[in-house]
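This report concerns only the one structure given below.
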């Protein structure tokens, strides 16, 4: 027995069925049972429900649920051009599509919205391999909105690798504040800090709708200062010359709380004198002047406030400057054995967890998961857990140290489970997708919250054991 196939002819026949739908309208009208209409120019495409449902989970759901569109045998698309609809439908019928720099983002958007998984992968790979200054910001925004984490990482990496050239382009001005913060925080390329400062001023003016050339009025200066107040903390002012410091102070474009400290800094003769000065003051108020830009390759931490808090709590510059993201559940798999293979015996370890409901929490241990016999507590008096994002209780980032009497129960080693802090304060099951939070057993609760109450159990992840993990990141040196 021999098997024969002619997939090319099948592809062409199906493509011709779709493309020639209007040539013999009367003869072939009965073949088509569903219509897709482009609202932009009222173009109509006749299709087959069987083809649509077999190629897209969206259409399968639409037809199975007997929605209005199913009953009327038509769907009106408002947010896409007729050329993109035609390309997608051609792909449905023939399995072939032309992707180029002009249509790739639109195809990716359409594929994501209408659940065409294979086309999402194809288009994402094309975009990753063809990133350009003129498109990368749009791709960054779309990737974040649609949770295309690999494409998001590639977009960040492209900007970081071409940082000095990118900040001179007009596309730099289109970055959102959270994206700019994360890029500046991770930027390691040698760059002129004064030129970077000038680029941030241009970015702030653009975001505030202020003319780049005109001399600013008082209200415009205040508006600009407010716009750049979070971003400016990433600048290493210590690298400025005295003339450059004088220039920026004269222009009065930076927030007052920063300019006052820079004036004090400028008056002192050298860095040693300034360090001696701030040792007598509150050092945290001046830390931005010497701020190091630690590499923080996270898809969870997108807010500079969260990154700064982790840096402050861990208080170890060597760890932050050398740490790497050793494990990502989305990249390496939701599997506790894989996690142990990568993360055991690494010493200082930072765990960051994000749930599907956007809670962000985790823990840090100075000791790490040392590989003994499975099922053993590990002593670490310096371990702590933390909450970074808690929209349910409207709480700010908080660190929770270990109870003095419970230090020997800091973390638990179990080959058949994920990372565990305390007596289940944070516990991840073997699949790393579920767990529970018995918060308060071993680590201190926030003031006024009692152990065992509903607010304690739901504090970190929204509930004690009904939360689902979206991503886990593990950092070590």
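Between residue 249 and residue 191, what FRET efficiency follows from the Cβ-Cβ distance if R0 is 22 Å, with the result rounded to 0.05? Please list the in-between numbers first.
Numbers: r = 21 Å, r/R0 = 0.97.
Given R0 = 22 Å and the Cβ-Cβ separation, E is 0.55.
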Could you quote the convex hull projected area for segment 63-141, Cα atoms only and averaged over all directions, in nm²? 6.1
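Quick one: Cα convex hull volume of segment 87-204, Å³ per residue? Kindly include the intermediate steps, with their values, before the conclusion.
Details: hull volume 11.2 nm³, N = 118.
Cα convex hull per residue, to the nearest whole number: 95 Å³.
How do the peptides 137-149, 243-255 rank, highest first, by the average count of neighbouring beta carbon atoms within 10 Å per residue?
So the order, starting with the most tightly packed, is 137-149, 243-255.
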Give me the Kirkwood hydrodynamic radius of segment 304-476, using the inverse of the mean 1/r over all pairs of distinct Cα atoms, in Å to one decimal. 15.8
Given the convex hull over the Cα atoms of segment 33-100, what projected area results after averaging over all orientations, in nm²? 4.6
How would 312, 318, 69 line up from fewest to most surrounding beta-carbon atoms within 10 angstrom? 318, 312, 69
Pulled fully out, how much extra length does the chain show between residue 396 and residue 431, if you take 0.36 nm times their separation in residues and subtract their Cα-Cα distance? 9.7 nm
What FRET efficiency do you get for residue 105 and residue 404 if R0 is 51 Å and r is their Cβ-Cβ distance, rounded to the nearest 0.05? 0.40
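Based on the alpha-carbon gyration tensor of segment 313-368 and its eigenvalue square roots a ≥ b ≥ c, which shape applies: rounded if a/c is under 1.5, prolate if not and a/b is larger than b/c, or oblate?
Because a/c hits 1.5 or more and a/b fails to exceed b/c, segment 313-368 counts as oblate.
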Everything considered on the Cα gyration tensor (a ≥ b ≥ c; rounded for a/c under 1.5, else prolate if a/b is larger than b/c, else oblate), segment 341-394 must be described as prolate
Determine which residues of segment 461-477 fall in the zone a paramagnetic label at residue 335 would reach in this model, i.e. backbone nitrogen under 19 Å from the point 7 Å along Cα→Cβ. 469-474
Determine the principal axes of the Cα atoms in segment 106-161, then give the extent along each, sorted from largest to smallest and rounded to whole angstroms. 32, 19, 18
Inter-part distance where segment 70-118 and segment 423-468 are each reduced to a Cα centre, Å: 43
Place the peptides 73-79, 355-361, 159-165 in order of packing, highest mean first, counting for every residue the other Cβ atoms within 10 Å and averaging per peptide. 355-361, 159-165, 73-79
Work out the FRET efficiency for residue 65 and residue 214 from their Cβ-Cβ distance, taking R0 = 51 Å, and round it to the nearest 0.05. 0.35
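The numbers here are math on the coordinates, done by the rules we state, and not lab data. Computed from a predicted structure; not experimentally measured. Glycine gets a Cβ as well: all are built from the backbone with ideal geometry, and neighbour counts include every protein chain shown.
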